[in-house]
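The values are calculated or read from the model by the stated rules, or taken from the named source; none is laboratory data. Small disclaimer: the values here were computed from a predicted structure and weren't measured. Cβ sites come from the backbone with ideal geometry, for glycine too, and all protein chains shown count toward neighbours. Each accessible area value is taken on the protein alone, full model and side chains, heavy atoms only, with ligands, DNA and RNA left out. Shrake-Rupley method; radii C 1.70, N 1.55, O 1.52, S 1.80 Å.
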Amino acid sequence: MKKDYLKKTVSLLAMTALTCTVLAGCGSSPKTPGATGTDTPGSEPRESASQENTQEQAPSSDSQEIVDLVWYSVGNGMPDNYDAWKANLDAYLEEKIGVHLDVQVISWSDWDSRRNTIVSTNEPYDIMFTNLGTYSNDVNIGAFADITDLVKTASPELYEFIPEDYWGATAIGGRIYGVPTYKDSSSTQYFVWDKELADQYDIDYNNIHTLADATEALTKLKEGENITPFILTYIGLDAIHGSRYDNIGTGLPALGVSYDDAERKVVAVFEQKDILDELHVIRQWYQSGIINKDAATLGENPNYRACFIAQGWPYAAKTTWGPNMGVEAVAVQIGDTVLSNDTVLGSINCISASSAHPDKALQLLQLVNTDSYVRDALRFGLEGDNFTYTEDGRVHVDKDKVWPMAGYTQGTFFNITMTDEEDYNQWDEVRALNEQAKPSPVLGFAFDMENVRDQISSCNEIWLRYRPELMTGTVDPETTITAMMKEMRAAGFDEIAAEAQRQIDDAF
């Protein structure tokens with residue numbers, strides 16, 4: 001049954017939380033919109049934009065018109081019951097803000113190419129999910145609307161709800177082009193184990209905190225079960241570099257400043273000993289069969305993995321990682337919890353520069369972030385099919401009808417209704433992680449990339465070519481890094497590093 005209070009915009013109590021690149025956890029009690037919570041450093045604009053987008057000057061939509069909005073996002077493809085889900089949500093949205101919503105869920109394996117085509121061909125849409133890897137470039141080619149002023153007038157509750165620091169993290173040249181997802185502001189990585197299987201082989205997972213520590217345990221699983229225990233896709237194990245180096249907003253993992261370096265030296269990340277040591281470990285795993293042989297070309301992970309590394313918090317093992325695999329899972333932290341401007345940008349939703357209704361698009365995102373009924377529909381699916389509301393106002397999820405939309409791409413987690421399986425508020429864990437996070441030594445620094453934008457673009461293209469094999473252990477890291485960095489330096493890598501170092505030295 002629909003909860004009566006869900007027919008009103010739900011208040012949210014703002015809380016500081018941790019950025020999510022991989023979905024973890026799924027619920028909490030409603031909170032209060034408008035509260036900014038604890039301020040976090042790093043709110044200055046991160047980079048300059050070469051163009052001025054004036055889309056926010058578009059006239060407001062006619063309040064009597066039913067506006068059709070198209071939202072592109074990523075997940076496990078379109079739901080089987082999409083038409084029924086859409087009809088149900090459209091009736092609610094029509095009454096609330098006069099819109100109908102068409103969500104296009106592109107599969108993970110097709111997302112990069114499909115997203116690039118949509119952006120480059122100016123295919124019509126209103127909202128698009130994006131993240132750190134593509135956000136800056138898409139802004140600078142004019143793909144997204146400048147919402148700096150419009151977000152305050154068209155969606156004031158949304159603007160007040162999301163902390164100022166989050167808006168600052170999305171700013172390019174002092175202008176806002178995306179709505180950050182208010183959930184996590186720091187990042188922690190975890191080993192996630194199938195508990196029953198790990199216990200069967202007497203694996204002391206609570207004391208495994210590094211890749212090298214896990215080698216013996218993974219070997220036991222491989223030999224004892226005749227399985228590939230650590231499956232990777234072509235994305236590879238980005239936790240190797242992401243939890244150690246801040247790439248200062250460039251989106252280029254090959255360049256960064258160590259979270260441990262008080263002197264803030266800009267370095268070639270993959271030439272550093274700590275990164276090389278980790279890459280040698282996964283190379284060993286690949287050669288011994290711990291990592292799958294098709295890792296460099298695999299588009300999507302299987303539903304079940306005996307062990308993997310994911311970003312999140314411990315309780316996600318119970319609410320998400322375990323249930324998604326159909327097993328009891330345990331999560332053990334690996335490395336430090338870190339905080340940077342970039343960790344905020346794991347999930348952003350942007351308005352197309354060509355959208356005829358940017359005001360309505362922002363009103364929709366406002367509802368997603370402040371109305372639990374809308375948020376639940378996106379997160380859990382169709383009420384009465386994928387999930388039901390219980391008598392005490394919780395959500396009961398039908399585990400036989402997995403909803404394919406990726407919750408972390410949509411909006412805040414702080415207004416999702418708690419499920420009937422949750423026994424406490426997992427966001428307390430998130431708050432604790434955020435408070436203990438190791439801040440980047442360049443937190444708050446905004447790299448103006450204007451003078452080296454072409455070099456960054458070229459180096460990123462090189463990185464994307466080398467990433468699948470390098471980050472899955474498919475190739476020897478020493479020779480591969482030598483070849484990759486030779487190409488990058490020919491494309492201007494050292495110029496990027498020098499410019500970044502100059503600006504950091506001036507800033508600090």
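Could you tell me the center-to-center distance, by alpha carbons, between region 97-162 and region 189-208 in angstrom? Answer, in whole Å: 39. The chymotrypsin sites (Phe, Trp or Tyr not before Pro) of region 365-424 that DSSP puts in a loop, and whose beta carbon has at most 14 other beta carbons within 10 Å, are Tyr424. Rounded to the nearest 500, the helix-only mean residue ellipticity at 222 nm of the chain stands at -10500 deg cm²/dmol, with each DSSP H run of n ≥ 4 adding -39,500 (n - 2.57).
Take the convex hull of the alpha carbons in region 312-446; its mean projected area over all directions comes to 10.8 nm².
Accessible surface of region 404-484, 1.4 Å probe: 47 percent of it comes from carbon and sulfur atoms.
Can you compute the charge dipole magnitude of the chain about its Cα centre, using +1 on each Lys and Arg Cβ and -1 on each Asp and Glu Cβ, nothing else charged? Give it in debye, rounded to the nearest 20. Working shown, then result.
Details: 38 positive and 79 negative charges, 40 e Å.
In debye, rounded to 20, the chain gives about 200.
The H on the amide N of Val99, modeled in the peptide plane, is under 5 Å from the matching H of Val67, Glu94, each at least 5 residues off or on a different chain.
Rolling a 1.4 Å probe across the protein heavy atoms gives the chain an accessible surface of 39 Å² per residue. For the chain, the longest stretch holding no GluC sites (Glu not before Pro) located in a DSSP loop with at most 12 other Cβ atoms within 10 Å is which? In short, 66-262. When the charge dipole of the chain is built from unit charges on Cβ atoms (+1 for Lys and Arg, -1 for Asp and Glu) and taken about the Cα centre, the candidate among Val257, Ser186, Ile106 whose Cα reaches farthest toward its positive end is Ile106. Taken over region 181-303, the convex hull of the Cα atoms encloses 150 Å³ per residue.
Relative to 2.2 N^0.38 Å, what does the C-alpha radius of gyration of region 240-312 come to as a ratio? Two decimals please.
Ratio of Rg to 2.2 N^0.38 Å for region 240-312: 1.31.
Nonpolar atom fraction for region 191-293, defined as the carbon and sulfur part of the 1.4 Å probe accessible area, stands at 42 percent. Comparing Cα centroids, region 246-325 and region 353-404 end up 31 angstrom apart. For region 343-392, the fraction of 1.4 Å probe accessible surface lying on carbon and sulfur atoms is 46 percent.
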